[in-house]
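Have a look at the structure below, then the notes.
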Amino acid sequence: MLSIIIVNYKSSKDISECLDSIIKHEKNYTKYEFIIVDNNSDDPGLPQLAKNFPFAKIINADKNGGFAYGNNIGISRAGGDYIFLLNPDTYLTDNSIEKLYNRIRKDKSTGIIGPMLLFPDGSNQSYYLPKSYFTLWRLFCERFYLYRIFKRSHLFNSYYRTYMDYSNETAVEQVSGAALLFRKEIIKETGLLDENYFMYFEESDFCLQAARHNIKQLYYPGSRIIHKGGLDSESGWERSSSWFTESFKYYFKKNYSFATYYSALILFAMGSCLKSVLFALKKDHRYRFHLIQLKKILRPM
């Protein structure tokens, strides 16, 4: 059985759109288990959500512990052999969940699978997402835009891997947490999502643990899911920048040596300086985003 887990924080409107699209396009949706974990959001739309979608189990968490925390609650209650972590701001235009589910069941060597993610205008969001885990070299190439300068280079673009043929399924080292399907049994090796991440890098860490255990991960464009996603509004930059930067620091501190950790902080800070200057010269207000990151990276953890 497939268990679909959606973490809610005042996103009942998005979840309603998501579930409506699933009902419309997934003829076998009644065979799936739906678990919505509300991260103590006091969402006024939850009662109506429960009424409109009685097949979905709604779990009220005791606190807002973040994305990993909410998903782990769902995973612990899930009865399926396969777990699908799905963002609330996603929706379907066809039976892409069934396609993804069928693909991983046919290949016992695959432990994690993700679809092609699209923006609402139909453009390829997956192109902009990392396909590999961070190393110092990949961080250097990302911070100093080498991956953009050498887009076709396997050496300089090994983090985003935008040289991929996105029309073909490809083995990757990281799958986006917006739509991540995995065999529940792999948790014996990877562990659950690390709840020290409040937001950002939790799926990166999960996929890194999978890669270290030689668990195959697959990008599968036969399944296509719309993810509204996008940048946060300017009013939320400081909060999201803080979460991102603290998660980045924890990711390197947890997974690498102290020398690598401190080297990563230096590279991150240098990159933030460069990006803030470049955006300021272009009179692009996003320079503030990188200044906030610079401030946060220099704070002791």
(message) All but one of (1) open to solvent by less than 10 Å² (accessible area, probe 1.4 Å); (2) under 17 Å from LEU117 (Cβ atoms) hold for MET164; state the number of the condition that does not hold.
(response) (1)
(request) Quick one: GLN209 ticks every box in (1) open to solvent by less than 10 Å² (accessible area, probe 1.4 Å); (2) touching a Ser or Thr at 6+ places or on another chain (Cβ under 6 Å) except a single one, so which number is it? (result) (1)
(request) Answer yes or no: is there a residue in the range 96-108 that is under 24 Å from TYR219 (Cβ atoms), touching a residue at least 40 places away in the same chain (Cβ under 8 Å) and open to solvent by 40 Å² or more (accessible area, probe 1.4 Å). (result) yes
(request) Return the only residue of TYR166, TYR159 being hydroxyl-bearing (Ser, Thr, Tyr), part of a loop (DSSP other than H, G, I, E, B) and touching a Cys at 6+ places or on another chain (Cβ under 9 Å). (result) TYR159
(request) Can you run down the residue pairs with Cβ atoms below 7 Å, 6 or more apart or on separate chains, where the first is in the range 24-46 and within 14 Å of TYR101 (Cα to Cα) and the partner is small (Gly, Ala, Ser) and part of a loop (DSSP other than H, G, I, E, B)? (result) GLU33/ALA78; GLU33/GLY79; GLU33/GLY80
(request) Any chance you could count how many residues in the range 3-33 are assigned to a helix (DSSP H, G or I) and not basic (Lys, Arg)? (result) 14
(message) Taking the criterion of being open to solvent by 60 Å² or more (accessible area, probe 1.4 Å) and either within 25 Å of SER257 (Cα to Cα) or part of a loop (DSSP other than H, G, I, E, B) (or both), would at least one residue in the range 143-150 satisfy it?
(response) yes
(message) Just the residues that are under 14 Å from the mean Cα position of the chain (by Cα) and surrounded by fewer than 22 Cβ atoms within 10 Å (Cβ to Cβ), please, taken from the range 85-95.
(response) ASP89
(message) Looking at the range 109-136 only, could you name the residues that are among the hydroxyl-bearing types (Ser, Thr, Tyr) and part of a strand (DSSP E or B)?
(response) THR110
(message) Kindly evaluate CYS273 against the criterion of being open to solvent by less than 10 Å² (accessible area, probe 1.4 Å) and assigned to a helix (DSSP H, G or I).
(response) no
(request) Go through the range 38-51 and give me each residue that's among the polar types (S, T, N, Q), at pLDDT 95 or above and surrounded by 14 or more Cβ atoms within 10 Å (Cβ to Cβ). (result) ASN39
(message) Quick test of your reading of the structure: GLU173 fulfils all but one of (1) touching a residue at least 60 places away in the same chain (Cβ under 8 Å); (2) open to solvent by 30 Å² or more (accessible area, probe 1.4 Å). Name the failing condition by number.
(response) (1)
(request) Name every residue in the range 121-140 that is aromatic (Phe, Trp, Tyr) and open to solvent by 50 Å² or more (accessible area, probe 1.4 Å), in order of residue number. (result) TYR127, TYR128, TYR133, TRP137, PHE140
(request) Could you please let me know if ALA210 is of a type in the set (A, V, I, L, M, F, W, C) and either touching a Pro at 6+ places or on another chain (Cβ under 8 Å) or without any contact (Cβ under 8 Å) to a residue 12 or more places away in the chain (or both)? (result) no
(message) Yes or no: the range 178-191 includes at least one residue that is open to solvent by 20 Å² or more (accessible area, probe 1.4 Å), in a strand (DSSP E or B) and within 20 Å of GLY74 (Cα to Cα).
(response) yes
(message) Can you tell me which residue is most open to solvent (accessible area, probe 1.4 Å) among those in the range 14-37 that are among the charged types (D, E, K, R) and under 20 Å from the mean Cα position of the chain (by Cα)?
(response) GLU17
(request) State whether one or more residues within the range 241-264 are under 29 Å from GLY122 (Cα atoms) and assigned to a loop (DSSP other than H, G, I, E, B). (result) no
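The values are calculated or read from the model by the stated rules, or taken from the named source; none is laboratory data. Only a predicted model underlies this, so the values are computations on that prediction, with no experimental measurement involved. Positions of Cβ are backbone-derived with ideal geometry, glycine not excepted, and every protein chain shown enters the neighbour counts. Accessible surface is based on the protein model in full, side chains and every heavy atom, while ligands, DNA and RNA are left aside. Shrake-Rupley method; radii C 1.70, N 1.55, O 1.52, S 1.80 Å.
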